[in-house]
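The values are calculated or read from the model by the stated rules, or taken from the named source; none is laboratory data. As the structure is a computational prediction, the values presented were derived from the model and not from experiment. Every residue, glycine among them, receives a Cβ derived from its backbone with ideal geometry; neighbour counts consider all protein chains shown. Accessible surface is based on the protein model in full, side chains and every heavy atom, while ligands, DNA and RNA are left aside. Shrake-Rupley method; radii C 1.70, N 1.55, O 1.52, S 1.80 Å.
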Amino acid sequence: MRYSFLSLLANGLTGQKGWTPAWRDAAPKPAYDVIIVGGGGHGLATAYYLAKVHGITNVAVIEKSYIGSGNAGRNTTIIRSNYLLPGNEPFYEWSMKLWEGLEQELNYNAMVSQRGILNLFHSDAQRDAYARRGNAMRLAGVDSELLDRRRVRAMYPFLDFDNARFPIQGGLLQRRAGTARHDAVVWGYARGADTRGVDIVQNCEVTGFLREGDAIVGVETTRGTIRAGKVALAVAGNSSRVAALAGLRLPIESHVLQAFVSEGLKPVIDGVITFGAGHFYISQSDKGGLVFGGDIDGYNSYAQRGNLPVVEDVAEGGMALMPRIGRLRLLRMWGGIMDMSMDGSPIIDRTPLPGLYLNAGWCYGGFKATPASGWCFAHLIATGAPHETAGAFRLDRFRTGHLIDEKGVGAQPNLH
Ligand SMILES: Cc1cc2nc3c(=O)[nH]c(=O)nc-3n(C[C@H](O)[C@H](O)[C@H](O)COP(=O)(O)OP(=O)(O)OC[C@H]3O[C@@H](n4cnc5c(N)ncnc54)[C@H](O)[C@@H]3O)c2cc1C
């Protein structure tokens, strides 16, 4: 059914009895043209664009738990396209453009809010690096503004501008960046894909692959064997584990990333702010809680919960940036499993096994990529060729040396 003011009114007047489920909870069929493993944002967006753009509707999304139970439902919801390198910037800007039309496209309120992101700088060297990034963005046709200390103070007077160790000198602002409601993005894509005939199969874990020689021709699951013309992996933090079931070793490490939400406050931060002298970022949800996070935990893990040293580190970052945060009470915190690639950039590519496609390596930046990731992965699966904005996200770049090292820190997952 289509959501509209009229449907709201009609259901309001008739006891809310006319609403239908947003998607079917499908049982797996014996075979599909395409199986997508992983019912997070990326898997569901891929299914949606396969059906919508390429007309491929005999598709199943296989999810081991409920859709959105992974990182899609655990992230801090920041969307932006403030990247430096040519391999990344056009892709993330394409994603930003898709975000800008997403709610109309899906007929679903994803609460996309272009409230701006401000990356603070604290030294001359960091200002130069941000000026370079801002210029690169502008050359790629993307909005960016370099603000001096006075203009930052006018926006956020409560920041600790004269912090003895990390005085704030200014910031790089992207006004079109912002946040989106993560669950709603999952539900919106699920609904759109389901409407076009895609089966969304929940509580179904992929435990192995069906092979004919080298080729992958289906999956083994906890709900039986399912054959497929093509199998596409979008399992984020579980990428290396699932790929290992097919005998592939990926250039990915899994780490936990934690997020935190405070008690609800009246509106206090109307954009997204990132601290430049440590890893700390913060925004305010529409419910009033301050949503913030920092670095990944420093060890590999598949657990969806983190450890106390990072909690302390995040709290220190927050206190250095805005000391008044110290009076806040923390409401809840959680962790998600990050698929950290060795250069901090993602992979959207075929694998060496015919019939098996890979979407992985999103580190802690994959939520903003959800629309473009789905678009480009669907393009690759449907046409066999990479989409023009995702051509650099090759799996073999770690062997050939064509890294997309956005932060210039080398093969250091903990620094990306
Ligand atoms: C705390 C935190 C904060 C973050 N903040 C941001 C942010 O502000 N901005 C941003 O851009 N990104 C952010 N991210 C990163 C972003 O959430 C991820 O990069 C992105 O969600 C990954 O893609 P996905 O949505 O498809 O992953 P997921 O939602 O993790 O989807 C993968 C799915 O695969 C399923 N799966 C795994 N193994 C199997 C199997 N064997 N069989 C079947 N299904 C399987 C999982 O259950 C899961 O549902 C953050 C992540 C976390 C954890």
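Looking across PHE280, PHE292, one residue alone is hydrophobic (A, V, I, L, M, F, W, C) and free of Cβ contacts under 8 Å to residues at least 60 places away in the same chain. It is PHE280. Where helices (runs of 4 or more DSSP H) sit wholly within the range 18-113, those with at least 2 residues that are open to solvent by 10 Å² or more (accessible area, probe 1.4 Å) and away from the ligand (no atom under 16 Å from the Cβ) occupy 41-54, 102-106. Only one of the numbered conditions (1) touching a residue at least 40 places away in the same chain (Cβ under 8 Å); (2) open to solvent by 30 Å² or more (accessible area, probe 1.4 Å); (3) under 27 Å from GLY178 (Cα atoms); (4) of a type in the set (A, V, I, L, M) is violated by ALA360, and that is (2).
Condition check for ASP143 on (1) part of a loop (DSSP other than H, G, I, E, B); (2) farther than 30 Å from ARG397 by Cα; (3) open to solvent by 10 Å² or more (accessible area, probe 1.4 Å); (4) not small (Gly, Ala, Ser): one failure, at (2).
May I ask you to verify whether LYS407 is on the phi < 0 side of the Ramachandran plot, within 22 Å of the chain's Cα centre (by Cα), surrounded by fewer than 20 Cβ atoms within 10 Å (Cβ to Cβ) and not in a strand (DSSP E or B)? Answer is yes for this residue. Screening the candidates GLU253, GLU220 for the property of being touching a helix residue (DSSP H, G or I) at 6+ places or on another chain (Cβ under 7 Å), within 16 Å of the ligand (Cβ to nearest atom), open to solvent by 40 Å² or more (accessible area, probe 1.4 Å) and among the charged types (D, E, K, R) yields one hit, GLU253.
The set of residues in the range 277-290 being open to solvent by 20 Å² or more (accessible area, probe 1.4 Å) and touching a strand residue (DSSP E or B) at 6+ places or on another chain (Cβ under 7 Å) consists of HIS279, TYR281, SER285, LYS287.
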